[in-house]
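The values are calculated or read from the model by the stated rules, or taken from the named source; none is laboratory data. If you're wondering where the values come from, they're calculated on a predicted model, not measured in any experiment. Here the Cβ positions follow ideal geometry from the backbone for every residue, glycine too, while neighbour counts run over all protein chains shown. Surface areas here come from the heavy atoms of the whole protein model, side chains and all, with no ligands, DNA or RNA. Shrake-Rupley method; radii C 1.70, N 1.55, O 1.52, S 1.80 Å.
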Amino acid sequence: MTIMINMMGVGLMWPILPTLVTELTGENVSNAAAIYGATAIIFSLMQFLFAPLMGALSDRFGRRPVMLIALLGLGFDTLLIAFAPSILWVFIGRAMGGIFGATYSIASAYIADTMAEKDRAAGFGMIGAAFGIGFIVGPLVGGFFGEIDTRLPFYIAAALSFINLILGYFLLKETLPPEKRTNTSLWKANPLGTLGLMTSNSVLILLGITLLLVNAIQRGMETVWVIFTQYQYGWGLQEAGISLAIVGASYVVVQGFLVRPVIARFGEVKTIIYGFLLSGFMFVILSFNTSGLIGYIGILPYVVGWGCAQPALQSIGSRHVAANQQGHLQGALTAVSGLAAIAGPALSTMSFSFFTAERAPFDFPGAYFLFGAIIFVIAARIGNAISRHDTAN
């Protein structure tokens, strides 16, 4: 429920933030895309720096207090963006969002605390389903209210964050008892120290590389999607909101209902391989497609591939660390995602800006998707290498 409400707030802002950046800067679509990409990079940089600390804090002091602090910070972050008088305040707000955006990793640690190893992939899928439910409602509401007033979705998102904080205070229980908490120095929770956990064995090394690659592509796609569809398909805020709601609905179905039977049928490693290949195939289509209808339809198989592969990756990783390191691991995974997200938005927005500018050798706004397809194929090959090191598959 915490993740669902949080993602409703994020979904409210997602289709509107590029428009707010354009309004505050007064730039054309190519230049505004580059500035918007910079706001995404500062968010990712802060998440990379602070997610390991939040995960380590949850291992040392418990999940509940760290989750509540994160929710409080997200509420103030959203209010800051809602009242932003200039683009500088948007950058400050996105930095705060990266610092406090640890709810997903802490929720993943909750799953690792409470579910048996054989059920963790399905448990991580439940988080994805909650993520998806939030994204069904959020973008639809955000697109609707964003047409009325660009700032209105941010006020609603801030209200949701504070409601979430109140519900969490009264309903969210602690799952890490004092005797299972770690006394590891928080100094070791710096990003490089946390990433060191990912090098402790060969499986985690391969998982870290895979996550680095695919999360870079995923974060880049998320950053450029609204601007890309406005340019490529002529969509407005409502159409973009509908497409993001389709993403949310797909995640609910995939991670709520498909993950368990798919992994039971194919195993975690094959799910990773087939999932990434399917997502890569859809990226090839999206790179050249000019039909808005295909843009809507292409979302579905992409989410099926990525949505099944992601919890399989998390499940494999959770088996290779101790019980009192689950928060540390989830912080490390979030740090990997944050590191990747520094590169992904930069690559996607800069490639879009370059291939839509007047100086471009040819007009190719989908160049990023073609590059992403290649990365997904590489990730599938690495997934195959994981099978030789993970004895459970």
**Q.** Some residue of the range 280-301 being crowded, with 24+ Cβ neighbours inside 10 Å, within 17 Å of the chain's Cα centre (by Cα) and among the aromatic types (Phe, Trp, Tyr)
**A.** no
The lone condition residue 108 fails out of (1) open to solvent by 20 Å² or more (accessible area, probe 1.4 Å); (2) in contact with a helix residue (DSSP H, G or I) (Cβ under 6 Å, 6 or more places away or on another chain) is (1)
Conditions (1) part of a helix (DSSP H, G or I); (2) touching a residue at least 24 places away in the same chain (Cβ under 8 Å); (3) farther than 18 Å from residue 7 by Cα -> residue 264 fails only (2)
Sole miss for residue 15 among (1) open to solvent by less than 20 Å² (accessible area, probe 1.4 Å); (2) assigned to a helix (DSSP H, G or I) is condition (2)
Meets criteria (closer than 30 Å to residue 262 by Cα and either part of a helix (DSSP H, G or I) or open to solvent by 10 Å² or more (accessible area, probe 1.4 Å) (or both)) for residue 161 | no
Answer yes or no as to whether residue 206 is open to solvent by 10 Å² or more (accessible area, probe 1.4 Å) and at pLDDT 80 or above.
-> yes
Residue hits (the range 250-261; aliphatic (A, V, I, L, M) and either open to solvent by 70 Å² or more (accessible area, probe 1.4 Å) or not in a helix (DSSP H, G or I) (or both)) are 253
